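Structure first, then comments.
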Amino acid sequence: MHASSDQRGSNAHGLSRRSILGIAVGAASAALSSPFFGEAQAGQLKGRIKQSVCLWCYNGFMRRANMDLDQFAAACAKLGLKSIELVKPEQWPTLRKHGLICAMAPCGSIEKGFNRIAHHEELLAELRKNIDAAAAAGFPNVIAMSGNRQGMDDEEGLKNCVAGLKKIAGYAEKNNVTVCLEFLNSHNHKDYMADSTKWCVALVQRVGSPRVKVLYDIYHAAMMKEDVLADIQKHHECWGHYHTGGVPGRNEIDDTQTLDYRKIMLAIVETGFTGYVGQEFIPKRPDALESLKQAVAICDV
């Protein structure tokens, strides 16, 4: 979406996703024959957290391992994942083949968001298109963005975002699809407006629709020095979807970083959340599927 160390790659729907960091990988055959595939079947997971994975984090691994989406989806299904996120609609049949969904459909860009009224017509048309696609597939969420400040006052931007999202709320409700505006930190994504719990909670409360919520990215919230556990417990009704990521550096979510993801997942379960948690960390192992396996186990509380 923009030039930063946390940038997702592009897709045909205009959603620029974060650029992939280099990952050393083994051959695809070695990855697919790893012994853990016999150990981590979906039936062995507790399943209280419905886990998903963001495709962009594995683009580099898949390219270097000569692995296509069909193979990656098969591996994800064997690990007990329920979804692969940020996948283009034309690729959704591949997910369905393996019993997976796309729990967060792509839409929009980071810099160009709802905080400017001049963007509303274009963004609303795109959201309707993506809501239609998600509804037809039976998928739950589409993503939206606040946009960058570019000198705009946060309150003005909030009012504009609320006005724009109110225009799509009824359509989202009718189609049983939730529009999730993403919380991002404004260090990696310089100048991004929706960079605080206070702002994001105000957005959801002012729109007042069960189908307009926030994609609460735990990594981004922690990067903004928010109290992640407290904000999950206090404001969980505002969060429609979660993303993971190690702090610092969006690295593995194990004990090499600062967040206790088992405790965080337990807090999410305790709120009664029935949506999806998307793994969005950068795998560091040569076999990135081993990193994903570990993350699934950590979050399976």
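Brief remarks follow.
- Projected onto planes of every orientation and averaged, the convex hull of the alpha-carbon atoms in region 35-153 covers 9.7 nm².
- Cα→Cβ-extended label distance, 7 Å offset, between Ala230 and Ser209, nm: 3.2
- Nonlocal amide H pairs with Gly278, under 5 Å, H built at 1.01 Å: Ser52, Tyr242, His243, Thr244
- Spacing of the two label points (7 Å from each Cα toward its C-beta) at Lys88 and Lys129, in nm: 1.2
- Probe 1.4 Å, protein heavy atoms only - accessible area per residue of the chain in square angstrom: 39
- Above-threshold pairs, the threshold being 28 Å between Cα atoms, out of Lys78/Lys263; Lys88/Lys166; Lys198/Lys293; Lys198/Lys284; Lys78/Lys213; Lys129/Lys293: Lys198/Lys293; Lys198/Lys284; Lys78/Lys213; Lys129/Lys293
- Mean shadow area of the chain over all directions, Cα convex hull, nm²: 13.7
- Karplus-derived 3J(HN,Hα) values for region 129-144, using 6.51 cos²θ - 1.76 cosθ + 1.60 with θ = phi - 60°, are 4, 6, 5, 4, 5, 5, 5, 4, 8, x, 9, x, 9, 10, 9, 9 Hz; glycine and proline are entered as x.
- Fully extending the segment from Thr256 to Ala136, taken as 0.36 nm per residue of separation minus the present Cα-Cα distance, adds 39.1 nm.
- Fraction of antiparallel bridges per DSSP, the chain only, in percent to nearest 5: 10
- Residues of the chain were split at every exposed loop site, defined as trypsin sites (Lys or Arg not before Pro) in a DSSP loop with at most 10 other C-beta atoms within 10 angstrom, and the longest piece left, sites excluded, is 47-224.
- Hz values of 3J(HN,Hα) by residue in region 194-201 - Karplus curve (6.51, -1.76, 1.60), Gly and Pro given as x: 7, 10, 9, 4, 4, 5, 5, 5
- Cβ charges +1 (Lys, Arg) and -1 (Asp, Glu), total dipole of region 187-301, debye: 340
- For the chain, calculated [θ]222 nm from helices alone, where every DSSP H run of n ≥ 4 adds -39500 (n - 2.57): -11500 deg cm²/dmol
- Accessible carbon and sulfur surface of the chain relative to its total accessible area, %, 1.4 Å: 50
- The simple spin-label model puts a point 7 Å past each Cα toward its Cβ; for Arg96 and Glu237 those points are separated by 3.6 nm.
- Gyration tensor verdict on region 151-301 (Cα atoms; rounded if a/c is under 1.5, prolate if a/b is larger than b/c, oblate otherwise): prolate
- Backbone HN-Hα couplings from phi across region 294-301 [Karplus 6.51/-1.76/1.60, Hz, Gly and Pro as x]: 4, 4, 4, 5, 4, 8, 8, 9
- A Förster radius of 22 Å combined with the Cβ-Cβ distance from Val269 to Lys198 puts the calculated FRET efficiency at roughly 0.30.
The values are calculated or read from the model by the stated rules, or taken from the named source; none is laboratory data. Remember, predicted model here, so these are calculated numbers, not experimental data. Cβ: placed from backbone, ideal geometry, glycine included. Neighbour counts: every protein chain shown. With ligands, DNA and RNA removed, areas are computed over all heavy atoms of the protein, side chains included. Shrake-Rupley method; radii C 1.70, N 1.55, O 1.52, S 1.80 Å.
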